[in-house]
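The values are calculated or read from the model by the stated rules, or taken from the named source; none is laboratory data. Just so it is clear, the model here is predicted, and its values are computed rather than measured. All Cβ positions, even for glycine, are placed from backbone atoms using ideal geometry, and neighbour counts span all protein chains on display. For accessibility, only protein heavy atoms count, side chains too; no ligands or nucleic acids. Shrake-Rupley method; radii C 1.70, N 1.55, O 1.52, S 1.80 Å.
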Amino acid sequence: MNVALCLVLAAAAPWPLRYNDGVKAYRSNDFATATSSFEQALAASDRLLQQRAYYNLGNASYRQGEAEQAQAQPLWQRAIKSYESALALDPKDADAKFNLDFVKKKLEELEKKQQEQQQQDKKQDQKKEDKQQQDQQQQQQDQQKQDQQQQQQDQKSKDQQQQQQQQQAESQSDKLDKQQAQALLDNLRENEQNWNFFPEVQMKDLKDQGPPVKDW
């Protein structure tokens, strides 16, 4: 994709100057300036100058796309249109035809690569989303498990507390029963003492009274 030789400067019109500026910028790898200069030269009334401006605009656009990968697709699309315009003016331009087919192929490869990258990014995003969902589900399961363990622990603590309260109640009940039993036993002993306080006198009184008297 060699740039055509500089045209002889023409004093009557600026278009050859713009074209030559584009050639100089292209050879200096200043492709942005080259494309701007070649675009200005497209207004030339000279058919040959216009055809070469289209051709070299295609070259400069392609090289600029190589240098600026982020803008490669639109720049290469512009290069293809420039080559097509150059061929429209000169269908026998073999270089323009070759470059047109070459850039088309490169553009197809780029678009295919971009599609593959988009699919890969989509898969990665899907994997990331699936991973986030799995993590959320795992967190929910872990939280449920913790809640269940906490409930079990609370229930166990409650059961232990109830058991302790029951044991304390039984202990107090046993203590009260013993106290009541002791009080009853003490009362019975006191009554027995009252009943048998003078057994000999009581028996003697019964003997002295003699046999019972009949009242009929």
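Here are some notes:
- Pairwise FRET efficiency - GLN77 versus ALA43, Cβ, R0 = 22 Å, nearest 0.05: 0.50
- When only alpha carbons of the range 9-112 are considered, Rg and Dmax amount to 13.3, 48 Å.
- Dipole orientation for the range 69-157: of the candidates GLN119, GLN155, LEU75, LEU75 has the Cα lying most toward the positive pole (charges on Cβ; Lys, Arg +1; Asp, Glu -1).
- Protection proxy ranking for 106-114, 76-84, using the average of other Cβ atoms within 10 Å per residue and placing the highest first: 76-84, 106-114.
- Across the alpha-carbon atoms of the range 107-170, the computed radius of gyration and Dmax are 27.2, 93 angstrom.
- Distance from the range 94-161 to the range 25-87 (C-alpha centre basis), Å: 42
- Looking at the range 42-101, the accessible area is 49 square angstrom per residue; that uses a 1.4 Å probe and ignores ligands, DNA and RNA.
- The share of accessible area on the range 117-174 that comes from carbon and sulfur is 34 percent, using a 1.4 angstrom probe.
- In order through the range 15-22: 3J(HN,Hα) via Karplus (6.51 cos²θ - 1.76 cosθ + 1.60), integer Hz, x for Gly, Pro: 5, x, 5, 4, 5, 5, 4, x
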